[in-house]
Amino acid sequence: MTARVHHAELWGDRGAKYDWLISHDVTDTHWKTVRPQSPFYLFNPQNTKRLDEYNKGFKITDAMPVNSVGIVTGQDANAIDFTSKDARKLANDRQVPIECVVPLLYRPFDQRFVVYHPSLVTRTRMQVMRHMLAGENLGLIYMRQVALGDAYSHFGVSRCAVDNRAFYSNKGIMSLSPLYLYPSSEAGAHKLFAEGPGPGKGGRRPNLSPEFVAEFAEKLGLTFVPDGAGDLKKTFGAEDVFHYAYAVFHSPTYRSRYAQFLKIDFPRLPLTSDRKLFARMCALGAEVVGLHLLEQVPEPGATYPQAGDSVVDKPR
């Protein structure tokens with residue numbers, strides 16, 4: 001006999017729920033029949049109206065195949081501090097070279113410094129994080145699953161290594177994909193993470209899969225350049241792709257349209273064939289990246305009505 005899955009929900013405060021449960025049982029509950037589908041086999045009803053549309057996009061881990069979750073120290077108080085000077089003191093106390101002190105995105109918009117050494121960092125994620133330390137780079141932050149009541153908003157950007165709680169969800173930890181991969185001087189390094197010098201600055205190459213680049217180039221009718229940005233008339237570059245993706249992922253329409261799918265798997269990036277739209281999204285994405293990195297923050301529009309020391313004190 002084939003099993004069937006039924007689902008029902010009850011919303012309200014505790015008292016109302018107790019009253020309802022006392023006066024009802026399984027025979028007079030309004031059940032919905034659930035038909036779990038591959039690959040997740042969810043036991044909750046899901047509106048699959050836009051699922052095929054959503055699945056046409058590139059899963060971000062397929063588009064940017066080199067990625068990992070953030071680092072874990074297991075002893076933040078001994079490994080992380082607010083300033084480089086204080087972090088160097090931690091390094092000296094543990095007899096670790098001060099060259100191991102590097103910037104770390106600890107929480108959203110909260111950059112600190114970490115003593116990045118195996119004696120203090122339990123999970124270094126070195127195979128991926130080294131690309132964020134080797135030279136100028138951008139890292140896309142995202143999450144596979146979230147279980148918060150609000151809409152999915154777990155996208156960020158970093159120029160440095162990231163902590164595993166740079167973003168929070170009670171279902172998992174964040175992931176980071178560096179835009180550029182730098183060559184490794186280590187003998188026997190895994191080929192996926194270091195394939196020798198590339199065509200870009202410092203020998204870097206884009207962390208974009210050939211299949212993704214080929215499909216996007218065909219849609220746009222533009223030639224891909226592996227380092228920097230293109231002119232968006234004949235060429236588009238790795239940083240254009242990053243900015244386009246960042247704009248899409250921060251679009252309220254994208255987040256609301258695919259809200260239920262974003263909560264259960266890695267986000268997917270829809271590709272456009274409209275060059276004007278692509279150029280506009282690249283510009284918007286670059287602007288948001290600058291804001292989130294606190295590199296292009298506009299002058300505040302608010303002013304103080306009278307002179308003061310700007311200290312937040314007890315109101316009078």
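The values are calculated or read from the model by the stated rules, or taken from the named source; none is laboratory data. Predicted, not measured: the structure shown is a model, and the values here were computed from it. Please note: Cβ atoms are built from the backbone with ideal geometry, for glycine as well, and neighbour counts cover all protein chains shown. Only protein heavy atoms, including side chains, enter the accessible area calculation; ligands, DNA and RNA are left aside. Shrake-Rupley method; radii C 1.70, N 1.55, O 1.52, S 1.80 Å.
Of the residues making up the stretch 40-57, those that are open to solvent by less than 80 Å² (accessible area, probe 1.4 Å), modelled with pLDDT under 80 and hydrophobic (A, V, I, L, M, F, W, C) are Phe40, Leu42. Tallying residues that are modelled with pLDDT of 95 or more and touching a helix residue (DSSP H, G or I) at 6+ places or on another chain (Cβ under 8 Å) within the stretch 107-133 yields 8. When Gln95 is tested against (1) over 24 Å from Phe242 (Cα atoms); (2) assigned to a helix (DSSP H, G or I), just one condition goes unmet, and that condition is (2). When Val128, Val157, Val102, Val121 are checked against the criterion of being of a type in the set (Val, Ile, Thr) and in a loop (DSSP other than H, G, I, E, B), Val121 stands alone in meeting it. Look at Tyr106 and say whether it is farther than 22 Å from Thr83 by Cα and crowded, with 17+ Cβ neighbours inside 10 Å. No. Does Phe236 count as open to solvent by less than 30 Å² (accessible area, probe 1.4 Å) and assigned to a strand (DSSP E or B)? Yes; evaluated as a whole, the condition is true for this residue. The residues of the stretch 143-173 that are modelled with pLDDT under 75 and either under 12 Å from Asp110 (Cα atoms) or surrounded by fewer than 15 Cβ atoms within 10 Å (Cβ to Cβ) (or both), listed by number, are Ala147, Leu148, Gly149, Asp150, Ala151, Asn170, Lys171. Of the residues that sit in the stretch 234-256 and are charged (D, E, K, R) and in contact (Cβ under 8 Å) with a residue 40 or more places away in the chain, which one is nearest to Pro199 (Cα to Cα)? Per the criteria, the residue is Glu239. What number of residues in the stretch 9-39 are surrounded by 11 or more Cβ atoms within 10 Å (Cβ to Cβ) and touching a His at 6+ places or on another chain (Cβ under 7 Å)? Residues meeting the conditions: 3.
Screening Phe249, Phe266, Phe212, Phe242 for residues that are modelled with pLDDT under 95 and under 18 Å from Asn67 (Cβ atoms) leaves exactly one candidate, Phe266. Each residue in the stretch 263-316 was checked for being among the hydroxyl-bearing types (Ser, Thr, Tyr) and closer than 16 Å to Tyr246 by Cβ, and 1 of them qualify.
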